[in-house]
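Data block below; observations after.
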Amino acid sequence: MKGYNKMDAVARTSRRALALMAAAGLVCAAAFGGEAATVPSTVCQRATCPVKVDGVLDEEVWRLAKPLSPMRDLEGGRSEFGADIKMVYDDKFLYISATLPENTLRATLTKRDSVIYHDDDFEVFIDPGATGRNYLELEINQLNTVWDLFLTAPYGRPFSEALHDWDIKGLRTAVTLQGTLNDGEGDDTSWTVEIAWPWESITGHSSLPRKGAPPPPGTVMRMNFSRVDHVDGVEHNTVWAPTRRKTIHAPEHWGRVRISVNPVGTPERPTPTIGLWVHGNDASITAQTVAAWADAGVTTLIIDGSPEGIARVSKLGKAAGMYTVVWFWTLCRPGDSEALAHPQWYATSALGKSCYDPKDRPFVSYYQFLCPSNPEVREHLKRKALEIAAIPEVDALQMDYIRMPDVVLPKALWPKYGLDMSKILPQYDFCYCDGCKARFGREPKASDADWTEWRLDSVAQAANFVADAVRAKGKPCGAAVFPTPRISAEMVRQDWSRFKLDFAFPMDYARFYEEGSDWILSCISEARKAIDGNFPIFPGLYLPHFKPSELEAILPRVLDANPEGFCLFAHDGLTPERLAALRLARFRKP
Ligand SMILES: [Zn+2]
């Protein structure tokens with residue numbers, strides 16, 4: 001488990017960062033369930049030895065497997081009945097064991113597909129594709145008599161049909177009794193069930209890939225377990241996942257079972273933070289879209305757009321249990337009418353051209369950069385940042401464009417602008433405004449190292465000024481930054497090792513630098529060293545640069561190098577194919 005050691009990650013993470021991660025972690029749990037408070041979840045790990053289905057739980061795997069959380073009544077209250085339930089799997093079977101305390105062993109039904117719950121019983125429900133539409137059910141009594149059936153829709157709802165003739169082909173079950181059946185003595189202690197349920201019948205009845213084999217690691221199935229007890233003519237239902245209604249037939253409330261790649265008994269990798277940059281004005285984003293992202297492992301939405309768009313998508317994110325970060329344009333403020341009323345606020349090049357002037361802006365017309373050292377600019381940015389941070393559904397703020405215009409563009413972009421940027425070009429070197437010159441105290445020269453340092457500091461001070469204000473309002477503040485502090489200092493006057501952040505999203509968009517996957521990993525390593533654990537980083541990948549198979553290959557390597565997580569840019573690049581790759585990649589070893 002090298003690279004996934006939780007203590008190791010924790011030790012290198014500052015207290016402030018921990019607060020964020022704790023918040024994100026809580027949300028991770030919520031994102032995993034979507035209804036963390038009510039839906040239990042578990043991880044089903046791989047069996048490491050053969051399981052003999054004899055009702056005797058003497059295999060090592062049953063000692064190593066973690067029991068499910070305690071059973072409750074259907075409404076979620078305490079129940080006097082319980083069961084110790086465990087699961088493991090191998091290539092052929094999902095194995096389930098249950099030990100059910102019982103002081104009066106009693107059973108009469110011996111014919112397969114009898115209505116088994118007329119006896120006291122143990123029941124298993126599986127919705128393999130977690131669709132909430134159709135599912136498999138198995139009931140078993142103390143005589144090891146089985147009722148297996150397929151529900152075409154949740155029982156009691158339209159189009160629901162129970163296919164009683166349907167059989168789980170290859171099913172193996174065994175029951176042992178700790179006491180004497182039907183002696184009415186009340187001195188029994190328990191009964192034990194052991195089940196081997198062939199994957200053939202589980203994945204064969206769902207949209208899951210790999211029919212007949214276990215679902216891919218990372219797959220989440222919805223399941224529930226139930227025991228039915230009859231006491232003085234009253235039927236008691238005790239379940240793993242309370243449905244908060246009078247029936248267990250509500251698969252949308254069942255527990256979540258994630259199929260793990262790991263052998264039983266090994267620690268699971270901590271759930272990483274997975275961020276997705278989202279254009280909040282995209283009206284096609286619905287609750288279903290966001291739920292699909294959450295299901296594939298996205299824990300955090302980083303949202304840009306109009307205040308209305310941000311609020312709308314943040315709400316969808318919160319409803320799916322996600323952490324929401326709003327994306328704030330900091331020193332580059334296209335169309336900021338308040339700023340445009342102050343021409344002197346704008347950054348100025350070494351040639352004296354101002355970003356205020358539409359004719360003189362570098363590269364693109366939206367490069368409307370403000371001067372980082374101007375106190376009025378800093379106050380303005382603080383006000384704007386606080387307006388956005390005040391949106392109730394927003395958990396944190398991400399500063400974007402907290403830098404100067406590109407002194408050096410990524411190499412792949414040089415031809416686009418017909419430039420050779422191997423030397424600093426004065427028309428792309430900012431901020432030589434009168435205010436900066438006065439505050440620096442002498443006539444600046446491009447070759448003067450102090451002048452470069454001073455400008456790096458002025459950008460860092462602007463960043464910290466805004467971040468402190470946001471934090472003072474109780475919300476964490478981070479930044480989207482260039483790949484490493486060294487690279488970003490050289491390219492955009494942004495030495496983010498000087499920033500006091502709660503997190504950073506380095507944009508490791510390799511292909512713009514004519515680089516590949518190894519470069520991404522070396523940037524991660526360099527950035528982690530440079531910030532020395534002061535805050536967590538979540539490296540950003542540019543989705544259109546990756547075929548789904550490439551994404552599936554790189555993400556486990558990124559997590560190995562940076563267990564805290566990663567980010568993806570942007571939601572419109574998260575095609576169904578890339579979403580499927582993400583779902584698989586999260587739990588894969590590099
Ligand atoms: Zn300036």
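Would you mind working out the magnitude of the charge dipole of the stretch 437-482 relative to its Cα centre, with +1 at each Lys and Arg C-beta and -1 at each Asp and Glu C-beta, to the nearest 20 Debye?
Once rounded to the nearest 20, the dipole reads 260 debye.
Compute the distance in nm between two label points, each set 7 Å from the Cα along the Cα-to-Cβ direction, one at residue 282 and one at residue 165.
Distance between the two pseudo-spin positions: 4.7 nm.
Translational diffusion coefficient, Stokes-Einstein: compute it for the stretch 153-217 using the Kirkwood radius over C-alpha pairs as Rh, at 10 °C and 1.306 mPa s, and state it as an integer in µm² s⁻¹.
Here the translational diffusion coefficient equals 104 µm²/s.
How far is the Cα center of the stretch 500-516 from the Cα center of the stretch 57-87, in Å?
Taking the Cα centre of the stretch 57-87 as reference, the centre of the stretch 500-516 is 45 Å away.
To the nearest 10 degrees, how steep is helix 307-319 against the longest Cα principal axis of the chain, on a 0 to 90 scale?
It works out to around 30 degrees.
Compute the long axis of helix 548-561 from its Cα atoms, compare it with the longest principal axis of the Cα atoms of the chain, and write down the angle in degrees, 0 to 90, nearest 10.
Between helix and principal axis, roughly 80 degrees.
What is the distance in Å between the Cα centroid of the stretch 244-311 and that of the stretch 342-367?
Spelled out, the Cα-based centre of one part sits 42 Å from the other.
Give a quick list of GluC sites (Glu not before Pro) in the stretch 504-535 that DSSP marks as loop, anything other than H, G, I, E or B, with at most 16 other Cβ atoms within 10 Å. Walk me through the numbers before you get to the answer.
On the way: sites: 514, 515, 526; in loops: 514, 515.
When the GluC sites (Glu not before Pro) of the stretch 504-535 are filtered for loop state and at most 16 Cβ neighbours within 10 Å, 514 remain.
Can you list, largest first and rounded to whole Å, the semi-axes you get for the chain by taking the square root of 5 times each eigenvalue of its Cα gyration tensor?
The answer is 58, 22, 20 Å, longest axis first.
Per residue of the stretch 279-284, what does 6.51 cos²θ - 1.76 cosθ + 1.60 with θ = phi - 60° give for ³J(HN,Hα)? Whole Hz please, x for Gly and Pro, Karplus curve as stated.
Values, residue by residue: 8, x, 7, 6, 5, 7 Hz.
Cα convex hull of the stretch 481-590: how many Å³ per residue?
That works out to 95 Å³ per residue.
Using Cβ counts within 10 Å as a stand-in for footprinting exposure, how do 159, 465, 363 rank, fewest first?
Ascending number of Cβ neighbours within 10 Å: 159, 363, 465.
Can you show me the helix-derived [θ] at 222 nm for the chain, built from DSSP H runs with n ≥ 4 at -39,500 (n - 2.57) apiece and divided by the number of residues, rounded to the nearest 500.
It lands at -8000 deg cm²/dmol.
Give or take rounding to whole Å, what are the principal axis extents of the alpha carbon atoms in the stretch 139-183, in descending order?
Per principal axis, max minus min of the Cα coordinates gives 43, 25, 13 Å.
For 567, 49, what ranking results if the residue with the fewest other Cβ atoms within 10 Å of its Cβ goes first?
49, 567
Expressed as a whole percent, how much of the Cα-Cα distance distribution for the stretch 155-270 exceeds 16 Å?
Working: 5110 of 6670 pairs.
In whole percent, the long-distance tail amounts to 77.
For residue 315, give me every one of the lysines with a C-alpha distance below 18 angstrom, ignoring sequence neighbours fewer than eight places off in its own chain.
475
Describe numerically, in nm with one decimal, the distance between label points set 7 Å from Cα along Cα→Cβ at residue 236 and at residue 152.
It works out to 3.7 nm between the two label points.
If you stretched the chain out fully between residue 211 and residue 115, how much longer would it get, using 0.36 nm times the residue separation minus the C-alpha to C-alpha distance?
Result for the pair: 31.6 nm of gain on full extension.
Residue-wise, which Karplus ³J(HN,Hα) couplings in Hz belong to the stretch 142-147, taking 6.51 cos²θ - 1.76 cosθ + 1.60, θ = phi - 60°, and x for glycine or proline?
6, 9, 6, 8, 10, 10
Assign one of three labels to the stretch 452-520, namely rounded, prolate or oblate, based on the Cα gyration tensor with a ≥ b ≥ c the square roots of its eigenvalues; rounded applies when a/c is under 1.5, prolate when it is not and a/b is larger than b/c, and oblate otherwise.
oblate
So what is the relative contact order of the chain, in percent, for Cα pairs below 8 Å that sit 6 or more residues apart?
Relative contact order for the chain comes out at 14 percent.
Under 20 Å from a point placed 7 Å out from the Cα of residue 416 along the Cα-to-Cβ direction: which residues of the stretch 536-557 have their backbone N that close?
Label zone hits: 540-547.
Give me the angle, in degrees from 0 to 90, between the Cα long axis of helix 517-531 and the longest principal axis of the Cα atoms of the chain, rounded to the nearest 10.
Here the helix axis deviates by roughly 70 degrees.
What is the stretch 79-129's relative contact order, in percent, from Cα pairs under 8 angstrom and six or more apart in sequence? Display every interim value, and only then the final one.
On the way: 33 pairs, mean separation 12.3, N = 51.
That works out to 24 percent.
Note down the relative contact order for the stretch 91-186 as a percent, whole number, built from C-alpha pairs under 8 angstrom at least six residues apart.
Across the stretch 91-186, relative contact order equals 27 percent.
With a Förster radius of 30 Å, plug the Cβ-Cβ distance of residue 340 and residue 461 into 1/(1 + (r/R0)^6) and report the FRET value to the nearest 0.05.
0.80
Calculate, for residue 78 and residue 438, the FRET efficiency according to 1/(1 + (r/R0)^6) with r their C-beta to C-beta distance and R0 51 Å; round to the nearest 0.05.
Taking R0 as 51 Å, the efficiency between residue 78 and residue 438 is 0.10.
Can you work out ³J(HN,Hα) from phi for every residue in the stretch 418-430, in order, using Karplus 6.51 cos²θ - 1.76 cosθ + 1.60 and θ = phi - 60°, giving whole Hz and x for Gly and Pro?
Per-residue couplings from phi come out as x, 10, 10, 9, 6, 10, 5, 9, x, 6, 10, 10, 10 Hz.
Please give the contour-minus-distance gain from residue 246 to residue 52: 0.36 nm per residue of separation, less the Cα-Cα distance, rounded to one decimal in nm.
66.2 nm
Going through the stretch 321-419, which trypsin sites (Lys or Arg not before Pro) have at most 16 other Cβ atoms within 10 Å and a DSSP loop state? Mind dumping the intermediate values first?
Values: sites: 353, 359, 378, 382, 383, 384, 403, 411, 416; in loops: 353, 359, 403.
Passing sites in the stretch 321-419 are 359.
No lab work stands behind these numbers, since they all come straight from the coordinates. Just so it is clear, the model here is predicted, and its values are computed rather than measured. Neighbour counts are summed over all protein chains in view; Cβ atoms, including those assigned to glycine, are modelled from backbone coordinates with ideal geometry.
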